[in-house]
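Presented below is the structure to which this report refers.
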Amino acid sequence: MRVFSGIRPSGDLHLGNYLGAIRQWLQLQEKEECLFCIVDLHAITTPYEPKKLQEQIKKTAIAYLAAGLNPEKSVIFIQSKIPEHTELAWILGTITPLGDLKRMTQFKEKSKKYPKAINAGLLNYPILMAADILLYLAEIVPVGRDQEQHVELAREIARKFNLRFGKTFPEPKALINEKAEKIMSLQEPTKKMSKTDNHLSFLGLFDSEDLIKEKIFRAVTDSGSQIAFDPKRKPGLSNLLNIYSIFSDLPIKKVEEKFRGKGYFDFKKSLANLLIEKLKPFRQKQKEYAKRTVFIEEILEKGRKKAQLISQQTMTLVRKKIGLSI
Ligand code: AMP
Ligand code: TRP
C-alpha cells in the first residue's frame with residue numbers, strides 16, 4: 001500500500017506533530033511504500049516570512065530525520081520541487097464544489113485567526129492537499145484528527161474524478177492514532193497544540209531541558225489537587241496525563257495510581273523529567289544532522305527524483321483522461 005503525508009514548514013515540530021503524525025510514519029515506513037513531504041506550498045497560505053522559508057524547510061527536513069524517518073525506506077521531498085502538485089490541484093479544483101471548501105473547519109478557524117489574510121489559497125488548501133495525496137495514488141494518509149476532514153474531502157474528490165473520467169485514483173483513507181489524535185495546547189488546553197501559537201503553548205520536539213521544565217511547570221492546570229483524568233472538567237491536567245501515559249507506556253489508570261495522594265507539583269516534576277529523558281535522543285540527532293547540510297540536500301534531491309517519476313506518470317494518465325492530451 002502506498003502512504004503519503006506531510007507537514008507544513010511553518011515552525012518547529014511539536015509533540016502534537018510527533019505523537020499525532022510522525023510516530024505512525026515511523027511504523028509505516030517499516031512495511032509500506034511511504035512518501036513524506038515538506039508541504040511548503042501549504043505554508044504560504046498563512047502569513048509568513050519569505051526570507052525565512054528556506055531555513056524553515058531545511059529545519060523540517062532535519063526534524064524528519066532526527067525524529068526517525070529513514071531515507072532508505074521513505075521518500076522525503078519538498079512539495080514545490082514537483083510542479084505536478086499545482087497542476088493536479090488546478091484540475092481537481094474544477095470538480096470540487098465551492099460549498100465543500102467553505103464548510104471546512106480549518107478554513108473557518110484560520111479565517112478567524114487571520115481576518116486580514118483570508119486569501120483564495122486558504123480556501124483552496126484542501127484541493128492542493130487532495131492533489132498531494134492523489135498524485136501518488138496513495139491509499140493511506142497518517143495524520144492527526146484535525147486533518148481527517150481534509151482527507152475525507154480528498155476521498156470524495158477521487159470518487160468524483162473516477163465517476164466522471166473513469167477509474168484513476170484509489171480512494172484514500174486517513175489513519176489516526178486514537179490515543180494521540182489531538183494533543184492540546186499547554187496554555188489553552190481546550191485548543192489543539194499548534195506551532196503558530198505562543199511558544200509556551202507547545203512543547204517542541206527539540207526543546208532544551210530548561211525549556212521543557214519551564215513549559216511543563218507553567219502549563220495551565222485546573223483547580224483541585226487530585227491527579228485524575230477528566231478531559232471535560234480537567235482538560236489541562238488530562239492532556240498532561242495523556243502525554244505522560246504515551247511516553248511512559250503506562251495506561252492512564254496506572255499513571256493516576258502512581259500519583260495518588262500526590263499533588264500537581266510532584267506530577268509536573270515527574271513529567272518534565274520523563275520528557276527530558278525521552279526527548280534527549282531527538283535533541284542529539286537534531287544537532288548532528290544540522291551539521292550535515294550536504295547530506296540533507298542529497299536526501300531531498302534523491303526524494304525529488306523518485307517523487308517526480310511517480311507524479312509524471314500520474315499526470316500523463318490524468319491529462320489523457322480529461323482530454324488535455326491524446
Ligand atoms: P501541521 O503542523 O498543521 O502541518 O500538522 C502536521 C501533522 O501533525 C498533521 O498530520 C496534523 O494532523 C498533526 N498535528 C498537528 N497538531 C496536532 C495536535 N495538536 N495533535 C495531534 N496531531 C497534530
Ligand atoms: N494540511 C496538512 C496539515 O495542515 C498538511 C498536508 C498537506 C498533508 N498535504 C498533505 C497531510 C497531504 C497529509 C497528506 O497538517
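Which GluC sites (Glu not before Pro) in region 4-45 sit in a loop by DSSP (not H, G, I, E or B) and have at most 15 other Cβ atoms within 10 Å of their own Cβ?
Numbers: sites: Glu30, Glu32, Glu33; in loops: Glu30, Glu32.
Qualifying residues, ordered by number: Glu30.
Treating only the Cβ atoms of Lys and Arg (+1) and Asp and Glu (-1) as charged, compute the dipole magnitude of the chain about its Cα centre; round to the nearest 20 debye.
Working: 56 positive and 38 negative charges, 66 e Å.
With only Lys, Arg, Asp and Glu charged at Cβ, the dipole is about 320 debye.
For each pair in Lys58/Lys173; Lys191/Lys258; Lys81/Lys110; Lys51/Lys116; Lys59/Lys215, compute the distance between the two Cα atoms and list the pairs where it is over 24 Å. Could the numbers behind the result be given before it?
Details: Lys58/Lys173 29 Å; Lys191/Lys258 27 Å; Lys81/Lys110 26 Å; Lys51/Lys116 21 Å; Lys59/Lys215 22 Å.
Listed pairs above 24 Å: Lys58/Lys173; Lys191/Lys258; Lys81/Lys110.
With 10 Å bins from zero, work out the P(r) of region 77-187 over every alpha carbon pair and list the percent per bin.
13, 42, 35, 9, 1
May I ask you to derive the FRET efficiency for Ser225 and Lys254 from their Cβ-Cβ distance with R0 = 22 Å, giving the value to the nearest 0.05?
Using R0 = 22 Å, I get an efficiency of 0.65.
Nearest 500 deg cm²/dmol is fine: what mean residue ellipticity at 222 nm does the chain get from its DSSP H runs of n ≥ 4 alone, each adding -39,500 (n - 2.57), divided by its residue count? Could the numbers behind the result be given before it?
Numbers: 13 runs with 173 residues, N = 326.
Helix contribution divided over all residues of the chain: -17000 deg cm²/dmol.
Straight-line reach from Lys192: which aspartates and glutamates have Cα under 16 Å away, leaving out those fewer than 8 places along the same chain?
Candidates past the 8-residue exclusion: Asp12, Glu109, Asp146, Glu148, Glu178, Glu181.
Taking only Cα atoms, what is the 0 to 90° angle, nearest 10, from helix 235-248's long axis to the longest principal axis of the chain?
Helix 235-248 and the main axis of the chain meet at about 80 degrees.
Please compute the per residue accessible area over region 198-326 with all protein chains in place, 1.4 Å probe, rounded to a whole number of Å².
Details: 7390 Å² over 129 residues.
So region 198-326 comes to 57 Å² accessible per residue, rounded to a whole number.
Might you report the magnitude of the Cβ-based charge dipole of region 11-75 about its Cα centre, with Lys and Arg at +1 and Asp and Glu at -1, to the nearest 20 debye? Numbers along the way, then the final one.
Values: 7 positive and 8 negative charges, 30 e Å.
Using only the charged Cβ atoms, the result is roughly 140 debye.
Quick one: work out the % antiparallel among DSSP beta bridges in the chain, nearest 5.
Working: 2 of 17 bridges.
If I count the DSSP bridges inside the chain, around 10 percent turn out antiparallel.
Determine the share of the chain's accessible area contributed by carbon and sulfur atoms, expressed in whole percent, with a 1.4 angstrom probe. Walk me through the numbers before you get to the answer.
Values: 8430 of 15920 Å².
Carbon and sulfur together cover 53 percent of it.
The values are calculated or read from the model by the stated rules, or taken from the named source; none is laboratory data. Because the structure is predicted, anything quoted here is derived from the model rather than measured. Every residue, glycine as well, gets a Cβ built from its backbone with ideal geometry; the counts of neighbours run over all protein chains shown. Ligands, DNA and RNA are stripped out before the accessible areas are found, and what is left, the full protein with its side chains, is counted by its heavy atoms. Shrake-Rupley method; radii C 1.70, N 1.55, O 1.52, S 1.80 Å.
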